[in-house]
Amino acid sequence: MSEIQTGSGRRTSLELNLVPFIDLMSVLITFLLITAVWSQVSMIQIGSSIYGKRTDAAPVKPPPDADVALKVEVRATGYTLTVAKTKTTIPFKNGDFDDASLSDLLQKVKEQYPNKVDAGIAMADELPYERLIHVMDAFLRNGFGSLSVLTGGPY
C-alpha cells in the first residue's frame, strides 16, 4: 500500500488497481501462445520447402499400356474414338448418339489391350452433362476404371 503526504501533514493512502493490468497480461499471454504455435507451423513448412520433402514411398508406377493413348471426343455430331494414332468417328444413329457402337469399339480396344485401364474424355461445352455420364458408363462397363475428363473440349 502506498501513501502520499500532503502539505497539511495529512497522509493519504493510495491503492493501485491491478485488475486492468492483469486483464492486459492475460490477453498478451494468450496472444503469445497463439502466435508461438503459428510460427512453429510456418517453420516446419519453410524447412520442408528448402530441404525438399522426404518420402519413403516408392515412386508411382504408370498404369499398364499408359503409352497407348485412349480418348473419346464427344462432339455435337457424334463420337470420335482415338486409340494410339488411329481415329474412328461414330456418327449419329437415328438422330442420337450411338452408345452401342461406342461400347462395341471399347470392347474391341479392351481385347486388343487387356491391361489398359486409363482413358480420357473430351466433351464439347454445349452438350448436356448426361452425355458425359453415358460415355463414362460405357468406359466402366468395358473395364476402363481410371478416367480423366480433359478440359478445353474436343480438339
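The values are calculated or read from the model by the stated rules, or taken from the named source; none is laboratory data. If you're wondering where the values come from, they're calculated on a predicted model, not measured in any experiment. No Cβ is skipped: glycine too gets one built from the backbone with ideal geometry, and neighbour counts run over all protein chains shown.
Taking the criterion of being modelled with pLDDT of 85 or more, surrounded by 12 or more Cβ atoms within 10 Å (Cβ to Cβ) and not aliphatic (A, V, I, L, M), would at least one residue in segment 57-68 satisfy it?
Within segment 57-68 (the criterion being modelled with pLDDT of 85 or more, surrounded by 12 or more Cβ atoms within 10 Å (Cβ to Cβ) and not aliphatic (A, V, I, L, M)), the answer is no, since none of the residues qualifies.
Considering only segment 91-103, I want to know if a residue exists there that is small (G, A, S), within 21 Å of the chain's Cα centre (by Cα) and modelled with pLDDT under 90.
no
Applying the selection to segment 89-113, what residues are over 13 Å from N142 (Cβ atoms) and either surrounded by 14 or more Cβ atoms within 10 Å (Cβ to Cβ) or aromatic (F, W, Y) (or both)?
I90, F92, F97, D98
Please name all residue pairs, on different chains or six or more residues apart, with Cβ atoms under 7 Å, provided the first residue is in segment 136-152 and is in the same structural domain as I121 (by TED's automatic domain parsing) and exposed (fewer than 13 other Cβ atoms within 10 Å of the Cβ) and the second residue is of a type outside the set (K, R) and modelled with pLDDT under 85.
Cβ pairs passing all conditions: S146/P63.
Every residue, every condition in (1) in contact with a strand residue (DSSP E or B) (Cβ under 9 Å, 6 or more places away or on another chain); (2) modelled with pLDDT under 85, yes or no:
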{"position": "R11", "(1), (2)": "yes, yes"}
{"position": "L16", "(1), (2)": "yes, yes"}
{"position": "P20", "(1), (2)": "no, no"}
{"position": "S26", "(1), (2)": "no, no"}
{"position": "T30", "(1), (2)": "no, no"}
{"position": "I34", "(1), (2)": "no, yes"}
{"position": "I46", "(1), (2)": "no, yes"}
{"position": "Y51", "(1), (2)": "no, yes"}
{"position": "R54", "(1), (2)": "no, yes"}
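Looking only at segment 114-133, filter to residues that are exposed (fewer than 14 other Cβ atoms within 10 Å of the Cβ) and in a helix (DSSP H, G or I); which one of those is modelled with the lowest pLDDT?
Across segment 114-133, the extreme among qualifying residues is Y129.
Filter segment 72-88 down to the residues that are more than 16 Å from A138 (Cβ to Cβ) and in a strand (DSSP E or B) and list them by number.
T86, K87
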